[in-house]
1. Only one of 393, 373, 355 is over 25 Å from the mean Cα position of the chain (by Cα), surrounded by 18 or more Cβ atoms within 10 Å (Cβ to Cβ) and at pLDDT 95 or above; which?
2. crowded, with 19+ Cβ neighbours inside 10 Å and free of Cβ contacts under 8 Å to residues at least 60 places away in the same chain: is that true of residue 95 in this structure?
3. Tally up the residues in the stretch 358-370 that are surrounded by fewer than 21 Cβ atoms within 10 Å (Cβ to Cβ) and in contact with a strand residue (DSSP E or B) (Cβ under 9 Å, 6 or more places away or on another chain), please.
4. I'd like to verify a number: residues in the stretch 5-20 that are surrounded by fewer than 15 Cβ atoms within 10 Å (Cβ to Cβ) and either touching a strand residue (DSSP E or B) at 6+ places or on another chain (Cβ under 6 Å) or modelled with pLDDT of 95 or more (or both), how many?
5. Any chance you could count how many residues in the stretch 75-97 are within 12 Å of the ligand (Cβ to nearest atom) and in contact with a strand residue (DSSP E or B) (Cβ under 8 Å, 6 or more places away or on another chain)?
6. Is one or more of the residues making up the stretch 215-234 away from the ligand (no atom under 16 Å from the Cβ) and surrounded by fewer than 24 Cβ atoms within 10 Å (Cβ to Cβ)?
7. Given 297, 285, which one is over 24 Å from residue 24 (Cα atoms) and either more than 16 Å from the ligand (Cβ to nearest atom) or surrounded by 16 or more Cβ atoms within 10 Å (Cβ to Cβ) (or both)?
8. Tell me, yes or no, whether the stretch 129-137 has at least one residue that is more than 16 Å from the ligand (Cβ to nearest atom), assigned to a helix (DSSP H, G or I), surrounded by fewer than 22 Cβ atoms within 10 Å (Cβ to Cβ) and at negative phi.
Ligand SMILES: Cc1ncc(COP(=O)(O)O)c(C=O)c1O
């Protein structure tokens, strides 16, 4: 198969910006990508300033930049700044939205077969407490959520559609916008887990039609760990009841009364990491400068190259599903457990990770999959690095 590189990328310049590429061939971008130098320098400079000036004093000096992150994230996903809250992780963001919804016995939550473990654990807890039921929408034979089946499952008891855009354990890209059209047509709240898609491909909340979206900094956005964000549409905000409000999310107005702040930042707490917030801001600027279309195109090219190279090795089976397949490549090696393959690659300074049913049980069980090796590419990876990975796997 001929796989074409569109050559829109100055790969050597992004690699020069990425100190980690001198040490490892990093194919764990779905875990945490290698940060570019401008991101590390931003976080580092801020922390150093805190040591000289003090934490609160440094924050006061950087108020404007810290406030700009809401505009930057808004530009990334096509929202207004007032629809964004910065959190400490994607799961926190997702849970803040989900737990602010009200469910009763018999309410239906529709999700997808590839849903992430933490989200399903959230569903199960609510089901346990309220009697709401979780229903998994079938997939099309190609692997993505079947939007017609979803449409056919809608009735007046459906309270939420909650799916992932890209799951943790395969290249699959779910048709998020088609799901959004069903949600909008029936007026059902739509929560999208975009943890693995933001930074990998263009993600626009208006085009997708989701009411809530959660994402992280550390994966395809290449930001620091320990920070993420939540989008809540202005229309959805008033329909949610946050379970925690502090003096940042609300104002204590009289002895008996408080007022909730008008924007999505009601979901934040006062205490946060300004250094990581600025690191996230820098990472998003970096991605926007390169262009999400160009990033997506190169990620598609590299992933396809990796899949076809792996497929040519006897005993190696690529396990990705979906009619659109992105940067996450999963495979098994006959006779070798995924953890063993990961360790052998690590000995050769090639980073991959593994996926097990603990992270995506519905899907892994339905497909009868063993633990898999997950090699997730990103635009700064090269054809040579792919050759290295494939060479080690072939050696096994
Ligand atoms: C699809 C998906 N959703 C959510 C998460 C959770 O993200 P976080 O660890 O930032 O909470 C992950 C993490 O791997 C993921 O792959």
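1. Values: 373 fails: over 25 Å from the mean Cα position of the chain (by Cα); 355 fails: over 25 Å from the mean Cα position of the chain (by Cα).
Testing whether each residue is over 25 Å from the mean Cα position of the chain (by Cα), surrounded by 18 or more Cβ atoms within 10 Å (Cβ to Cβ) and at pLDDT 95 or above leaves just 393.
2. In short, yes.
3. 4
4. 4
5. We begin by selecting, within the stretch 75-97, every residue within 12 Å of the ligand (Cβ to nearest atom); these are 87-96.
Still in the running and in contact with a strand residue (DSSP E or B) (Cβ under 8 Å, 6 or more places away or on another chain): 87-94, 96.
Final tally of qualifying residues: 9.
6. Within the stretch 215-234, one or more residues are away from the ligand (no atom under 16 Å from the Cβ) and surrounded by fewer than 24 Cβ atoms within 10 Å (Cβ to Cβ).
7. 285 is the lone residue from the list that is over 24 Å from residue 24 (Cα atoms) and either more than 16 Å from the ligand (Cβ to nearest atom) or surrounded by 16 or more Cβ atoms within 10 Å (Cβ to Cβ) (or both).
8. yes
The values are calculated or read from the model by the stated rules, or taken from the named source; none is laboratory data. Quick caveat: nothing in here was measured; it's all calculated off a predicted structure. FYI the Cβ positions are ideal-geometry reconstructions off the backbone, even for glycines, and counts take in every protein chain you see.
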